[in-house]
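What follows is a single structure, written as structure tokens, with notes after it.
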Amino acid sequence: MKSFNLPKSVKIVEVGPRDGLQNERELVPVDVKIELVNRLSKAGFQNIEAAAFVSPKWTPQMASSEEVMARIQRRDGTVYSALTPNMQGYERAVQSNVSEVVIFSAATQAFAKKNINCTIEESIQRYIPVAQAAKRDGLRLRGSISCAFGCPYQGSVSSDEVVAVVKQMIDLGCDEIDIADTIGVGTAVQVQNVFESIFTFAQPSMFSGHFHDTYGQSLANIFAALQCGVSIFHSSVAGLGGCPYAKGATGNVATEDVLFLMDGLGIHTGINLEDVVSIGHFISNAIGIPNGSRAGRAILSKK
Ligand code: HMG
Ligand code: MG
């Protein structure tokens, strides 16, 4: 049997409450958001991206972030993370007792402009005080790099463009850096090329793969990333989501599908697949959308 050099365990960052719900057209009731986070907490996720302290004019769905953070039941051992695009967002996050703040830029100027209304360089300048404040306040600092494998405005993206932003995120003091396929166009060898370029100068343990499943490549890309030594993956229960500033991009890879893969590979996640299948069923029903997890639908159909 072919043996792959795979990690023994991985951390799954559940981004459904933020990346997943941010793209829903109808405002999702706050009680539903809170119930979703509470169920995910009970399932034992180490990190739940629960909120985004972005401009409510830009992403109205996230305007309830304060209320969500105030009313969820927090579990010891779970990190509750939130997007912070500037100091205003950072201060809101601190008020809400967030334990990890996420600064986010892009590998391409065009996407940075559309998503955060500034150039990559301006975003890094804007994040200097956020990073300093996070260090001062003892919060974890995560950086996210969108469009690392393709951009809806620029087209193809080179490894060098990703590496340039990774280096700046490292200089800012990020504890963890997300390499994101915002529009889900990356393929396995490209994923390996990007991670291998990064791992010539940085430790694999601080990088995550954030894959969207628009072209059905996310599980292949996760497997490719695992082989490079990546051991943190983002996913969204029921495959919720998309980015409002990347037209046509579908949700993140479904958490249930990632868990099915990890279970099959014998990689420890600390999360029970059946528990997440029922959460996927809950949230799809609650907001009236089809369940986007293949594994979730298969398991539910047998019940
Ligand atoms: P801007 O309009 O250039 O900001 O937006 P500004 O500084 O000029 O301020 C304009 C107004 O916004 C002011 O209010 C500010 O107070 C307010 P006014 O005086 O007009 O009444 N404002 C804020 N209000 C609340 N919280 C804040 C905040 N900041 C300013 N934090 C900005 C610049 C970055 C704020 C905006 O572009 C923004 O919020 N962008 C985020 C858009 C977004 O949510 N995108 C989706 C998330 S990223 C994503 O999904 C990708 C990811 O999943 C990885 C991947 O897959 O690629 C992470
Ligand atoms: Mg995303």
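The values are calculated or read from the model by the stated rules, or taken from the named source; none is laboratory data. Note that the structure is a prediction, hence the values are computed from the model and not measured. Here the Cβ positions follow ideal geometry from the backbone for every residue, glycine too, while neighbour counts run over all protein chains shown. What goes into the accessible areas is simple: the full protein's heavy atoms, side chains included, and nothing from ligands, DNA or RNA. Shrake-Rupley method; radii C 1.70, N 1.55, O 1.52, S 1.80 Å.
Observations
- Tail beyond 21 Å, pair distance distribution of region 10-112 (Cα, percent): 29
- The charge dipole of the chain, taken about the Cα centre with unit charges on the Cβ atoms of Lys, Arg (+1) and Asp, Glu (-1), comes to about 300 debye, rounded to the nearest 20.
- Reach of LYS135 by Cα under 21 Å, taken over lysines that are not fewer than 8 positions away in the same chain: LYS167
- Heavy-atom accessible surface of the chain, averaged per residue, reaches 41 Å², computed with a 1.4 Å probe.
- Positive-end extreme of charge dipole, the chain - chosen from PRO129, HIS210, SER105 (charges on Cβ): HIS210
- Accessible area of the chain belonging to carbon and sulfur atoms, whole % at 1.4 Å probe: 50
- Debye-sum result for the chain in log10 I(q)/I(0), which assumes one identical scatterer on each alpha carbon, at q = 0.08 Å⁻¹: -0.30
- Highest mean first, the peptides 285-295, 15-25 sorted by other C-beta atoms within 10 Å per residue fall in the order 15-25, 285-295.
- In terms of its alpha-carbon gyration tensor, region 1-40 comes out prolate; a/c meets the 1.5 threshold, and the first ratio a/b outweighs b/c.
- Shape analysis of region 142-244 yields a ratio of the Cα radius of gyration to the Kirkwood radius, Rg/Rh, of 0.93.
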